[in-house]
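Contents: one structure, followed by commentary.
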Amino acid sequence: SCDGRESCRRVVRENIEAGADWIKITVSGSGREAGGRPAALPNLFDEEVESAIAAARQAARPVAAHAHSTAAINVALRAGARTIEHGTYFDDTSVSLFKRNQAYIVPTAFVADYVGSQLYMFAGGRDGRSQSDLREWVDAAKAGPGRAWRAGVPLALGTDGGPSFDVFATAQEVALYVASGVPAAVALRAATAGNADALGMGEVLGRLRAGALADIIAVPGDPQADVALLRQLRMVMKQGQAVCVDDCGNAASPAGEPAK
């Protein structure tokens, strides 16, 4: 955590000295909290967000900003965040900022879908929300990918699920993008070239071309026609080496609560 301009600059520099390639800042509460409501004020003052991102920029480190509320999204975008993680309640101003800055939204519909399946477990608690309030956030978050695509916001794709939660979380996120109105081809691009571009690694990741790292999966059919095929892996290649052929497993069951 940090307090004030100097403190926020120092914390960013300490992370960079420790080897951080990216800086992540938390500008709003989570979707489960009052601080994640549409009209909630940011967790940080504008000057703190600006100084943190300025320190990262000076060291050529991009910034990912966790933000649900409209004000939190917009202060992070104005300050120069590269990605907005979640971004549930973006507005027309946000759309203009996303486009102007070529920033990416990472809507994380997967985690909202999971919370929605167990509202009784996630509602309440310190600064928590009722089940009905939480359902409103779930619905808004699951609609987010389609709303962003229709507005022309650059899309990346992530789950907020954590590495041990569900090996097919990304496949489910793609399916949720499609369910929200994103064309399958666009959802697949968000998960590949979109992520690579957001990371600044578009030359070596996310595309099939000479000189790229050749991280590839194969499925039995065209996932643009049926994104459910992403759960039927027939080959996994990592940097040009096949690590799994034919027997690559089937859809996994959730193994625990996703990370927040």
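The values are calculated or read from the model by the stated rules, or taken from the named source; none is laboratory data. Model, not experiment: these values are computed from the prediction. Neighbour counts are summed over all protein chains in view; Cβ atoms, including those assigned to glycine, are modelled from backbone coordinates with ideal geometry. Only protein heavy atoms, including side chains, enter the accessible area calculation; ligands, DNA and RNA are left aside. Shrake-Rupley method; radii C 1.70, N 1.55, O 1.52, S 1.80 Å.
Excluding ligands, DNA and RNA, the accessible surface per residue across the range 38-154 is 41 Å² with a 1.4 Å probe.
Within the range 1-159, DSSP assigns beta bridges of which about 10% are antiparallel (rounded to the nearest 5). Our summary gives the chain a relative contact order of 13 percent, counting only alpha carbon pairs under 8 angstrom and 6 or more residues apart.
For the chain, the longest principal axis of the alpha carbon atoms and the long axis of helix 169-179 meet at an angle near 80°.
Placing unit charges on the Cβ atoms only, positive for Lys and Arg and negative for Asp and Glu, gives the range 43-112 a dipole magnitude near 340 debye about its Cα centre.
Could you work out the relative contact order of the range 8-133, using alpha carbon pairs under 8 angstrom and six or more residues apart, expressed as a whole percent?
Once normalised by length, the contact order is 22 percent.
Which number comes out as Rg/Rh for the range 89-237 once both Rg and the Kirkwood Rh are worked out on C-alpha atoms? Result for the range 89-237 is an Rg/Rh of 1.00.
Under 14 Å from the Cβ of Arg100, count the other residues' Cβ atoms, weight Lys and Arg +1, Asp and Glu -1, and hand me the total. Before the final figure, lay out each step's value.
Details: positive: Arg78, Arg82, Lys99; negative: Asp92.
Here the charged neighbours net out to +2.
Computed over the Cα atoms of the chain, pair by distinct pair, the Kirkwood hydrodynamic radius stands at 19.1 angstrom.
If you put +1 on each Lys and Arg Cβ and -1 on each Asp and Glu Cβ, how big is the dipole of the chain around its Cα centre, in Debye rounded to 20? Let's see the in-between values first.
Values: 26 positive and 29 negative charges, 87 e Å.
Rounded to the nearest 20 debye, it is 420 debye.
Accessible surface for Arg37 stands near 80 Å², nearest 10, in the context of the full protein assembly shown (1.4 Å probe). Rounded to a whole number, what % of the accessible area of the range 1-116 do carbon and sulfur atoms account for, probe 1.4 Å? Roughly 46 percent, rounded to a whole number.
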